[in-house]
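K.L.:
Before we start, here is the structure in question, set down as structure tokens.
The values are calculated or read from the model by the stated rules, or taken from the named source; none is laboratory data. Just so we're clear, the structure is a prediction, and the values are computed from it rather than from any experiment. Note: ideal-geometry Cβ built from the backbone for every residue, glycine included; neighbour counts use all protein chains shown.
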There are 2 protein chains.
Amino acid sequence: MFRPTPANLCPTMRVRYFDISVPICEEMLVWPGDPGVKIERSRHVSHDATILGARLALGSHTGTHLDAPLHFSAGEGTVDAIPPEALIGPARVLDLRGNIEIGRAELEAAKIAPRSRVLLRTDNSNWVRRGPMPERPAHLTGEGARYLVERETLLVGVDGLSVDLPGRHEAHLALLGAGIPLLEAVDLSAVEPGDYHLICLPLRLAGGEAAPARALLLK
Amino acid sequence: MFRPTPANLCPTMRVRYFDISVPICEEMLVWPGDPGVKIERSRHVSHDATILGARLALGSHTGTHLDAPLHFSAGEGTVDAIPPEALIGPARVLDLRGNIEIGRAELEAAKIAPRSRVLLRTDNSNWVRRGPMPERPAHLTGEGARYLVERETLLVGVDGLSVDLPGRHEAHLALLGAGIPLLEAVDLSAVEPGDYHLICLPLRLAGGEAAPARALLLK
């Protein structure tokens, strides 16, 4: 019987997919104080089938997710209004491993093209799935965020739970204030720095300030 | 200040996106007996920002979603294991409006190419967002589903909450048994029948039998 697999689907296609989404499960890392993920599985046996289902409880910022301007009251933009054109297209994974603070100097050195999508690979990718989160994870400084606004960046992706240091808000305020969507908590540990095509799609949460998302890179 | 919009993002790009996902909100249509969607919004005021958040409770089959073989114990395939190659690629929207039962004859008339992705546009699109669901919504018959298996279909999308008539399981068993992922509860009311490029991404729910998804068509 035919079963779709990558091999028999597109034998001549050279695209390779990298799933940079964090798997959603009860053991995943969540923000300190967040009640976490609950997955309640169900099982219904009928005359001809055994049907499995599940009910999920999770935060809108759980795992890989998109922040919209409304998250920081930095505008009225909601997650369901982020244009697909921002979420889909060429993206560059920058190698920022070894840095805790990512400011203008580090980003200038990376030579970011104007109006591009950037994903910052840091050491955060090492713990973003299961934790523990260090006290000072790698983060964008306010100055770094303002540089990305100057470059008219289309989308910023980070491998930590937040683009800011915990308790700080400058990077969120600068980026969301400029209408730039933030893709947070992607796992970049398996992707080499370089150029890709990004597809990230948040759930269509009506009026949401953020939503869980799936994110893939194509090479 | 620069704000990414479709117009200034890709002025020369001719791609047009159609969001066929059902908006997620408390008023949306859910399966009879399902406890429905709960969205608990939060607001935190700090010295420099007002931060909005939300906690979500919903079923794994709520709104637009992907069914994996495990949903009907029709195999061990989970939603996080569906290959991106099945979820992304050319897809045809078939015009099946006016039909309640969709069987082999209706699908043969639509001349489906082998190994293609098909989305069945029926009158279900008229109520899939808010209901009410009629007693006999448009659905695939077991014979129709087996025809799609014969055609080695890569993915089947429907605009009802289920590919089967309520209480029936033949179409699920045939399609999921052949490893064909099901995209259920898409709203096709705004897309003309014809050829598109589909991008549908379910959340990466570890070991899930299904997961909520975002689905776009590109023309």
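K.L.:
Considering only residues that are closer than 24 Å to B:M28 by Cβ and over 15 Å from the mean Cα position of the chain (by Cα), which ones fall in the range B:146-168?
P.N.:
Passing the criteria: B:L165, B:P166, B:G167, B:R168.
K.L.:
Just a yes or no: is a residue in the range A:75-82 of a type in the set (A, V, I, L, M), in a loop (DSSP other than H, G, I, E, B) and farther than 28 Å from A:T122 by Cα?
P.N.:
no
K.L.:
Go through the range B:153-194 and give me each residue that's over 19 Å from B:E106 (Cβ atoms) and among the acidic types (D, E).
P.N.:
Of everything in the range B:153-194, just one residue is over 19 Å from B:E106 (Cβ atoms) and among the acidic types (D, E), namely B:D187.
K.L.:
What tally of residues in the range B:72-86 results from selecting those that are of a type in the set (A, V, I, L, M, F, W, C) and free of Cβ contacts under 8 Å to residues at least 24 places away in the same chain?
P.N.:
Summing the residues that are of a type in the set (A, V, I, L, M, F, W, C) and free of Cβ contacts under 8 Å to residues at least 24 places away in the same chain in the range B:72-86 gives 1.
K.L.:
Here's a follow-up. Out of the residues in the range B:43-71 that are in contact (Cβ under 8 Å) with a residue 24 or more places away in the chain, at the interface with chain A (Cβ under 7 Å from one of its Cβ atoms) and not in a strand (DSSP E or B), which is surrounded by the fewest Cβ atoms within 10 Å (Cβ to Cβ)?
P.N.:
Looking at the filtered set, the residue picked out is B:L70.
K.L.:
Which residues, taken from the range A:16-34, are assigned to a loop (DSSP other than H, G, I, E, B), of a type outside the set (D, E) and either facing chain B (nearest Cβ under 7 Å) or touching a residue at least 24 places away in the same chain (Cβ under 8 Å) (or both)?
P.N.:
Hits for the range A:16-34 are A:R16, A:I20, A:S21, A:V22, A:P23, A:C25, A:M28, A:L29, A:V30, A:W31, A:P32.
K.L.:
Of everything in the range A:125-161, what is of a type in the set (D, E, K, R), surrounded by fewer than 24 Cβ atoms within 10 Å (Cβ to Cβ) and closer than 20 Å to A:D34 by Cα? Give them in sequence order.
P.N.:
A:R129, A:R130, A:E135, A:R136
K.L.:
Among B:E106, B:E143, B:E152, B:E135, which is charged (D, E, K, R), out of contact with any Leu (no Cβ under 7 Å at 6 or more places or on another chain) and not in a loop (DSSP other than H, G, I, E, B)?
P.N.:
Of the residues listed, the single one that is charged (D, E, K, R), out of contact with any Leu (no Cβ under 7 Å at 6 or more places or on another chain) and not in a loop (DSSP other than H, G, I, E, B) is B:E143.
K.L.:
Between residues in the range A:171-187 that are facing another protein chain (nearest Cβ under 10 Å) and part of a loop (DSSP other than H, G, I, E, B) and residues that are among the aromatic types (F, W, Y) and surrounded by fewer than 24 Cβ atoms within 10 Å (Cβ to Cβ), which pairs lie under 9 Å by C-beta distance while being six or more apart or on different chains?
P.N.:
Pairs that qualify, where the first residue is facing another protein chain (nearest Cβ under 10 Å) and part of a loop (DSSP other than H, G, I, E, B) and the partner is among the aromatic types (F, W, Y) and surrounded by fewer than 24 Cβ atoms within 10 Å (Cβ to Cβ), are A:A178/B:F2; A:G179/B:F2; A:I180/B:F2.
K.L.:
Let me ask something additional. Exactly one of (1) closer than 20 Å to A:I199 by Cβ; (2) exposed (fewer than 15 other Cβ atoms within 10 Å of the Cβ); (3) within 13 Å of another protein chain (Cβ to nearest Cβ) is unmet by A:P84. Its number?
P.N.:
The one condition A:P84 does not meet is (2).
K.L.:
Could you grab me the full set of residues in the range B:188-218 that are farther than 20 Å from A:A49 by Cβ, within 12 Å of chain A (Cβ to nearest Cβ) and outside any strand (DSSP E or B)?
P.N.:
Scanning the range B:188-218 gives B:L203, B:R204, B:A206.
K.L.:
Additional query: Filtering the range A:169-190 down to residues that are within 14 Å of the chain's Cα centre (by Cα) and more than 15 Å from A:D67 (Cβ to Cβ), which residue is surrounded by the fewest Cβ atoms within 10 Å (Cβ to Cβ)?
P.N.:
A:S189
K.L.:
For the structure I just gave you, tell me whether B:E40 is at pLDDT 95 or above, charged (D, E, K, R) and outside any loop (DSSP other than H, G, I, E, B).
P.N.:
So B:E40 fits the description; yes.
K.L.:
Could you list, in sequence order, the residues of the range A:108-157 that are farther than 17 Å from A:D95 by Cα and charged (D, E, K, R)?
P.N.:
Selection gives A:R115, A:R129, A:R130, A:E135, A:R136, A:E143, A:R146, A:E150, A:R151, A:E152.
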